[in-house]
1. Taking the alpha-carbon distance from Lys33 and a cut-off under 16 Å, which aspartates and glutamates remain once sequence neighbours fewer than 8 residues away in the same chain are dropped?
2. Arrange the peptides 156-165, 173-182, 24-33 so that the one whose residues have, on average, the most other Cβ atoms within 10 Å appears first.
3. With unit charges on the beta carbons (Lys and Arg positive, Asp and Glu negative) and the dipole taken about the Cα centre of the chain, which residue among Thr13, Ser62, Gly115 sits farthest to the positive side?
4. Can you put His144, His49 in order of Cβ neighbours within 10 angstrom, beginning with the fewest?
5. Among Arg199, Arg137, which comes first, second and so on when ranked by fewest other beta-carbon atoms within 10 Å?
6. When the dipole is taken about the Cα centre of the chain, and only Lys, Arg (+1) and Asp, Glu (-1) are charged at their Cβ, what size is it in debye, to the nearest 20?
7. Non-local amide H neighbours of Asp247 (under 5 Å, H modeled in plane, Pro and chain starts lacking H): which ones?
8. Over 25 Å between C-alpha atoms is what I'm after, so list which of Lys67/Lys239; Lys80/Lys192; Lys37/Lys80; Lys24/Lys143 land there.
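Please treat every number below as a calculation from the coordinates, not as lab data. On a predicted model such as this, the values are computed, not experimentally measured, just so you know. Counting neighbours? That spans all protein chains shown, and the Cβs are built from the backbone with ideal geometry, glycine included.
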Amino acid sequence: MRNEDYYYLKMETHFLTVPYQEEKRRVRVLLPKDYQKDTETYYPVIYFHDGQNVFHSGEAFSGHSWKVIPAIKRNPELPKMIIVGIDNDGENRLNEYIPWRISNTPFPGDIHLGGQGYDYASFVMEVVVPFINEQYRTKADKKHTAMIGSSLGGNISAFMGIEYNNNIGGLGIFSLANWISEMEFAEYISGKSIEHDQRIYIQVGTRESNETDRHFIYGNMNQAYLDSTLNYTRRLIEKGILIDNIDLNIFADGEHTEAAWAEHLPQCLRFLSQDW
């Protein structure tokens, strides 16, 4: 475990074993101000996927992080919370963040993608979350447990919000890339029941497309992101999620970048923490 100080915020680093790989995965924990002093206080927890992109721009995929630390410092009205960043698995990220095997892509027929999402979700909920709750003073109930992800990280967050809806009370879904598994997700959610009290922040831009996406699907990628987001929102409503518990945002010219997601992160945090 390594400690890092950012003014009054302390970050701790752990390496937890991923059961299906028998390898270590970096998990970083950003503690709220005065965590060491307020020894009787317990805190909500927000889990981020793609942990490399959460804290430091220097290690982020696009060269721009989610700016979590500035977001907390510049919005003192937010309740104190613990932020957990779970690293992705690099080249295996796509497989871990998609629960189903996907073959309907422009790739040759013998190339299959995805399929490890159930295993990854189990690692988060059965290894990471219990570790955080044991190691830190957390409010471990559903209401005070949230999860945020973007793009494919949004996919796995949306999936886990359903699969573990008894344990996850808030979701931040940014630039959902569910177009890559739209049929599989639709079939999955149709057979699930969801408690109606989850709070879900959803964000998509009108300029989400990038060249990487064109390797996976034909057609208008900007429209694919919009359709995927709207379909997800509609299915949540059909399952009984309260309208007041959904904050859907469509941003004109919003792009598929950490910079765009960071810009609206404070809005997401305010919405998820409204009842904290």
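1. Partners found: Glu4, Asp5, Glu12, Glu77.
2. On the way: 156-165: 22.5, 173-182: 24.4, 24-33: 18.6.
Answer by packing, highest mean first, reads 173-182, 156-165, 24-33.
3. Farthest towards the positive end: Thr13.
4. His144, His49
5. Details: Arg199 21, Arg137 15.
Ordered from fewest to most neighbouring Cβ atoms within 10 Å, Arg199, Arg137 come out as Arg137, Arg199.
6. Numbers: 26 positive and 38 negative charges, 138 e Å.
In total the dipole reaches around 660 debye.
7. Counting only residues 5 or more places away or on other chains, the set is Ile200, Tyr201, Ile202.
8. Details: Lys67/Lys239 33 Å; Lys80/Lys192 33 Å; Lys37/Lys80 13 Å; Lys24/Lys143 29 Å.
Exceeds cut-off: Lys67/Lys239; Lys80/Lys192; Lys24/Lys143.
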